[in-house]
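Q: I have a structure here, written as structure tokens, and I will follow up with some questions on it.
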Amino acid sequence: MHRTASYKTIAIATVAAIAMASAVVATSRSALSADSQDASTSTPAAATLGNVYTWMNGQNFVAAMTVTPFADTSAKFSSTVQYVFHTTSGPGFPESKNSLDIICTFDANQIISCWLGTDEYVTGDASKEAGIASDDGKFKVFAGLRADPFFFNLSGFNDAVAGIVNAIPWLNDQGNETAGCPNLQLSNAIPLQTYLKEVQSNADPNRQNPDDFVNALTLAIVVSVDKSLVTQGGNLVSVWGATYQAQ
């Protein structure tokens, strides 16, 4: 089984707090290979998770999952992959009282089937802009090719890495932690801090800092859910997305 994941935590306003009904407080962190270009080369493109985005739209909780970063116009969802939004809800962090999964699969003709727990189900062609909805309208799904909303100045990041390695070559001799990052001590981190401050102060004000994803396409699954369905344990909802590849 292959899995990639990305996480978010959202504070959903209570119904009583009408003025705050659309307020969202969100934090995110990546895990495993949840990155737009860092997934293992053995990971099928249609199972490579880019990012998970969440927000409130009125009384609806909305979550979007992107897969297949830098997709071309022929990209398709896999018929052998489960695309899953895992949610947990509770009265406050880190309490969790209730878990609910949103599971989506596709057939070879790109017909989607999505389950929200055991209470809501949709199936059909979800590629039109309006998507498809469950019988009671509380669960809506869109799935298709979209512009990638992720922003990252990859070229600038690579320039910064190359500059650091050239300016402070001993970084390569420090030994790496599990994540592949230099294992720095305070004494040898100070020169690195000094170098970064010098780079910042001498930065070219005319340098262009492009969004390297500005023309990128990705496959997206977007779900809109009546918030009562995902807040059964409380108004703090944690969300993480994953893709599961069958053997």
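The values are calculated or read from the model by the stated rules, or taken from the named source; none is laboratory data. Note that the structure is a prediction, hence the values are computed from the model and not measured. Note: ideal-geometry Cβ built from the backbone for every residue, glycine included; neighbour counts use all protein chains shown. Ligands, DNA and RNA are stripped out before the accessible areas are found, and what is left, the full protein with its side chains, is counted by its heavy atoms. Shrake-Rupley method; radii C 1.70, N 1.55, O 1.52, S 1.80 Å.
Q: So how many residues does segment 130-151 have that are more than 15 Å from Leu219 (Cβ to Cβ) and not aromatic (Phe, Trp, Tyr)?
A: Summing the residues that are more than 15 Å from Leu219 (Cβ to Cβ) and not aromatic (Phe, Trp, Tyr) in segment 130-151 gives 9.
Q: Before we move on, is Phe139 modelled with pLDDT of 95 or more, in contact with a Cys (Cβ under 8 Å, 6 or more places away or on another chain) and of a type in the set (A, V, I, L, M, F, W, C)?
A: In short, yes.
Q: Do you know which residues across segment 40-73 are over 15 Å from Lys227 (Cα atoms) and open to solvent by 20 Å² or more (accessible area, probe 1.4 Å)?
A: Ser40, Thr41, Ser42, Pro44, Ala45, Asn51, Tyr53, Pro69, Phe70, Asp72, Thr73
Q: Which numbered condition in (1) under 30 Å from Ala64 (Cα atoms); (2) modelled with pLDDT under 75; (3) not in a loop (DSSP other than H, G, I, E, B) is the only one that Leu171 fails?
A: With respect to (1) under 30 Å from Ala64 (Cα atoms); (2) modelled with pLDDT under 75; (3) not in a loop (DSSP other than H, G, I, E, B), Leu171 is out only on (1).
Q: Residue check, Leu184 against (1) assigned to a loop (DSSP other than H, G, I, E, B); (2) surrounded by 13 or more Cβ atoms within 10 Å (Cβ to Cβ); (3) at pLDDT 85 or above, all met but one. Which one?
A: It fails just one condition, (3).
Q: Give me a count of the residues in segment 95-110 that are of a type outside the set (A, V, I, L, M, F, W, C) and either closer than 21 Å to Lys140 by Cβ or out of contact with any strand residue (DSSP E or B) (no Cβ under 9 Å at 6 or more places or on another chain) (or both).
A: Here the count works out to 5.
Q: Still on this structure, please answer the following. How about segment 203-226: which of its residues are part of a strand (DSSP E or B), in contact with a Ser or Thr (Cβ under 8 Å, 6 or more places away or on another chain) and surrounded by fewer than 21 Cβ atoms within 10 Å (Cβ to Cβ)?
A: Correct list: Leu217 only.
Q: If Lys76 satisfies every condition in (1) open to solvent by less than 70 Å² (accessible area, probe 1.4 Å); (2) over 18 Å from the mean Cα position of the chain (by Cα); (3) under 17 Å from Tyr244 (Cα atoms) but one, which is the exception?
A: The number of the failed condition is (1).
Q: Is it true that some residue in segment 142-157 is hydroxyl-bearing (Ser, Thr, Tyr) and under 26 Å from Asn215 (Cβ atoms)?
A: yes
Q: In a strand (DSSP E or B) and either surrounded by fewer than 22 Cβ atoms within 10 Å (Cβ to Cβ) or modelled with pLDDT under 95 (or both): is that true of Gln82 in this structure?
A: yes
Q: Here's another thing I want to ask about it. Give the residues of segment 118-145 that are under 20 Å from Phe70 (Cβ atoms) and surrounded by fewer than 16 Cβ atoms within 10 Å (Cβ to Cβ), sorted by residue number. Working first, answer last.
A: Looking only at segment 118-145, we keep the residues that are under 20 Å from Phe70 (Cβ atoms), and these are 127, 143-145.
Residue satisfying the conditions is Ser127 alone.
Q: Report the residue count in segment 100-117 for those that are of a type outside the set (D, E, K, R) and surrounded by fewer than 14 Cβ atoms within 10 Å (Cβ to Cβ).
A: Residues flagged as of a type outside the set (D, E, K, R) and surrounded by fewer than 14 Cβ atoms within 10 Å (Cβ to Cβ) within segment 100-117 amount to 2.
Q: Count, please, the residues in segment 195-236 that happen to be among the β-branched types (Val, Ile, Thr) and touching a Pro at 6+ places or on another chain (Cβ under 8 Å).
A: Qualifying residue count, segment 195-236: 1.
Q: One residue is enough: does segment 227-246 have a residue meeting the conditions at pLDDT below 85, of a type in the set (A, V, I, L, M, F, W, C), open to solvent by 30 Å² or more (accessible area, probe 1.4 Å) and closer than 24 Å to Val67 by Cα? Please lay out each step first, then the result.
A: Keep residues of segment 227-246 that are at pLDDT below 85, which gives 245-246.
Now restrict to residues that are of a type in the set (A, V, I, L, M, F, W, C): 246.
If we keep only those that are open to solvent by 30 Å² or more (accessible area, probe 1.4 Å) as well, we get 246.
If we keep only those that are closer than 24 Å to Val67 by Cα too, we end up with 246.
Yes, segment 227-246 contains at least one residue that is at pLDDT below 85, of a type in the set (A, V, I, L, M, F, W, C), open to solvent by 30 Å² or more (accessible area, probe 1.4 Å) and closer than 24 Å to Val67 by Cα.
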